[in-house]
Amino acid sequence: MTEPREPAWDPTPPVRPPLGVELTYRSEAALLVAYSTYLVKGQLPIETNTPFSSGTPLAIRLIASTTTINMAGVVAWSREQAQGPGQPAGMGITLAASAERIGAAVDKLAFDFRGIKALVAASQAAPRALLIRYLKSIITCNVVEIDQGKLTEPGALPNVDMTVIDLDSAGPAGYELYAHIRQHPEAGSAPVLAVAQLERDRARAASLGFDEALSNPPTFGDLEAAALRCLAKPIAVRLT
């Protein structure tokens with residue numbers, strides 16, 4: 001009877017699956033903005049308090065409603081702590097292959113894109129007109145308005161992709177609007193930008209959780225950068 005033989009020892013270590021990052025976007029429109037802002041350049045910045053080290057290869061999954069896109073990349077830079085405005089903790093990923101490889105998925109997103117819905121809150125006509133004109137020049141959008149006196153009524157707050165609040169003209173009602181938005185189940189995850197002349201008002205907006213706080217009136221470039229940055233930001237980041 002043949003004695004059972006022990007399996008030969010294999011000195012090759014087991015292959016570990018690549019680390020991964022899964023990004024969930026609020027909508028297909030947000031994913032399209034992320035593509036046109038970052039991915040088309042072969043880059044992807046991610047805010048996280050637990051970034052991977054520079055040089056780490058990653059499997060990347062982008063999710064938006066019914067759309068899922070798989071990519072590969074490598075961590076180009078890593079920052080474990082925030083280093084001032086516009087430099088939060090996180091990492092920057094360089095795509096391992098051209099973004100053209102996901103062209104079919106992006107083409108579908110672009111074909112179905114009908115614009116975003118933006119809410120502009122400004123009590124005075126001139127600043128409201130300026131903000132609306134800038135937004136419509138930045139991205140295809142439909143601007144909606146609400147009666148701030150009816151905010152507490154059911155269904156008064158529309159489901160929008162982004163809100164811009166002029167704190168100078170809206171006054172206390174601007175902060176009340178922000179609170180209502182954050183409590184709204186549908187619009188609560190949408191970015192909210194504030195514009196204010198005084199630094200103290202911008203600091204207060206930042207402390208309350210506004211996504212961006214800009215000088216008032218904002219320059220077109222500042223509003224464009226802030227709006228695209230906010231729209232392209234995923235609502236959830238999962239590292240695996």
Total residues in the stretch 120-139, condition more than 17 Å from Pro172 (Cα to Cα) and exposed (fewer than 14 other Cβ atoms within 10 Å of the Cβ): 5
Qualifying residue in the stretch 193-204 (condition: aliphatic (A, V, I, L, M), part of a loop (DSSP other than H, G, I, E, B), within 16 Å of the chain's Cα centre (by Cα) and crowded, with 21+ Cβ neighbours inside 10 Å): no
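Restricted to the stretch 131-153, and to residues that are at pLDDT 85 or above and polar (S, T, N, Q), which residue is farthest from Glu224 (Cα to Cα)? Reasoning before the result, please.
Pass one, the stretch 131-153, residues at pLDDT 85 or above: 131-144.
If we keep only those that are polar (S, T, N, Q) as well, we get 137, 140, 142.
On the way: Ser137: 9, Thr140: 12, Asn142: 16 Å.
In this case the residue turns out to be Asn142.
Out of all the residues in the stretch 18-48, which are in a helix (DSSP H, G or I) and not small (Gly, Ala, Ser)?
Here is the first cut: in the stretch 18-48, the ones in a helix (DSSP H, G or I) are 28-37, 39-41.
Result: Glu28, Leu31, Leu32, Val33, Tyr35, Thr37, Leu39, Val40, Lys41.
Do we find that Arg128 is outside the structural domain of Ser189 (by TED's automatic domain parsing), out of contact with any helix residue (DSSP H, G or I) (no Cβ under 7 Å at 6 or more places or on another chain) and among the basic types (Lys, Arg) in this structure?
Numbers: outside the structural domain of Ser189 (by TED's automatic domain parsing): no; out of contact with any helix residue (DSSP H, G or I) (no Cβ under 7 Å at 6 or more places or on another chain): yes; among the basic types (Lys, Arg): yes.
Here the answer is no, as Arg128 does not meet what is asked.
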Residues (touching a residue at least 40 places away in the same chain (Cβ under 8 Å) and of a type in the set (S, T, N, Q)) located in the stretch 214-240: Asn216, Thr240
Candidate set from the stretch 41-67 (those that are modelled with pLDDT under 90 and surrounded by fewer than 14 Cβ atoms within 10 Å (Cβ to Cβ)); member that is nearest to Arg26 (Cα to Cα): Ser65
Cβ pairs under 6 Å, 6+ apart, first in the stretch 75-92 and touching a residue at least 12 places away in the same chain (Cβ under 8 Å) and surrounded by fewer than 17 Cβ atoms within 10 Å (Cβ to Cβ), second outside any loop (DSSP other than H, G, I, E, B) and of a type in the set (Asp, Glu): Pro88/Glu47
Residue under evaluation Leu95, criteria (1) at pLDDT 90 or above; (2) under 20 Å from the mean Cα position of the chain (by Cα), criterion not met: (1)
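The values are calculated or read from the model by the stated rules, or taken from the named source; none is laboratory data. Computed from a prediction, not measured in an experiment: that's the story for all the values here. Counting neighbours? That spans all protein chains shown, and the Cβs are built from the backbone with ideal geometry, glycine included.
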